[in-house]
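J.: Please find one structure pasted underneath; my questions will follow.
The values are calculated or read from the model by the stated rules, or taken from the named source; none is laboratory data. Being a predicted model, the structure only gives us computed values, none of them experimental. In this analysis, Cβ positions are derived from the backbone assuming ideal geometry, glycine residues included, and neighbour counts consider all displayed protein chains.
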């Protein structure tokens, strides 16, 4: 589904990602953990196509296509979705209109018929119940005046409506209380399947209590330094990341 081959990324000529490799197959959940400044969010934004990040080397392939040759909207139409760490507010655009335009844009790009307003209203009502979001939120402007938890829940509502092939959740647990985290995690788990993939970017183990990854990768200084199963999160929770920093000779401490 997704293969990242030795990519390097710079921001304002400063190297951030330094030879990153990852392969994700359909049905797999991969968690990427690491300290602040490791390059986790940079990686997510590169996958989504953010123009501020320059890929200076390597390749990224998604569903057999060269992702680096595609614009952000083409990536979304192909089935890539990103939930932002800090979801932006969109004044003047209500949630229902935003999601209907986004879904119909994807359908049109894939040669499918667009939904009428009535047809989409039924779809949105079902998805909002699924995410335990009050009906009146569909008339509110996107994320405007939302709490942190409401913004994150709204991001997963977008994921539910768009039904992406690969989702990237960048610190979705940030700012969530326990109840909101359970709702968000339950929504994410219900949206996954054998043909879907998921990348979870997080600092902490607590989200992984609710969304169980198949693989955990530790990212430090722009690359993966250790990979393992779900049990690795518990080890990181107790030991932190210092023991994984590399010495000049390249040997783990």
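J.: Given the structure, is residue 233 part of a helix (DSSP H, G or I) and either modelled with pLDDT of 90 or more or surrounded by fewer than 17 Cβ atoms within 10 Å (Cβ to Cβ) (or both)?
T.: Spelling it out, it is not the case that residue 233 is part of a helix (DSSP H, G or I) and either modelled with pLDDT of 90 or more or surrounded by fewer than 17 Cβ atoms within 10 Å (Cβ to Cβ) (or both).
J.: Right, residue 55: over 28 Å from residue 193 (Cβ atoms) and either at pLDDT 95 or above or part of a strand (DSSP E or B) (or both) or not?
T.: yes
The rows are residues; the columns are (1) at pLDDT 95 or above; (2) in a helix (DSSP H, G or I).
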site: 68; (1), (2): yes, yes
site: 77; (1), (2): yes, yes
site: 81; (1), (2): yes, no
site: 87; (1), (2): no, no
site: 93; (1), (2): no, no
site: 100; (1), (2): yes, yes
site: 103; (1), (2): yes, yes
site: 108; (1), (2): yes, yes
site: 111; (1), (2): yes, no
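J.: For region 129-156, give me each residue that is crowded, with 21+ Cβ neighbours inside 10 Å and closer than 13 Å to residue 100 by Cβ.
T.: 142
J.: While we're looking at this one, here's another question. Going by what's in this entry, would residue 187 be described as buried (at least 18 other Cβ atoms within 10 Å of the Cβ) and either under 15 Å from the mean Cα position of the chain (by Cα) or at pLDDT 85 or above (or both)?
T.: yes
J.: Another question, if that's okay. Here are the criteria: (1) closer than 21 Å to residue 2 by Cα; (2) in contact with a strand residue (DSSP E or B) (Cβ under 8 Å, 6 or more places away or on another chain); (3) not in a helix (DSSP H, G or I). Tell me which single one residue 173 does not satisfy.
T.: Unmet for residue 173, out of (1) closer than 21 Å to residue 2 by Cα; (2) in contact with a strand residue (DSSP E or B) (Cβ under 8 Å, 6 or more places away or on another chain); (3) not in a helix (DSSP H, G or I): (1).
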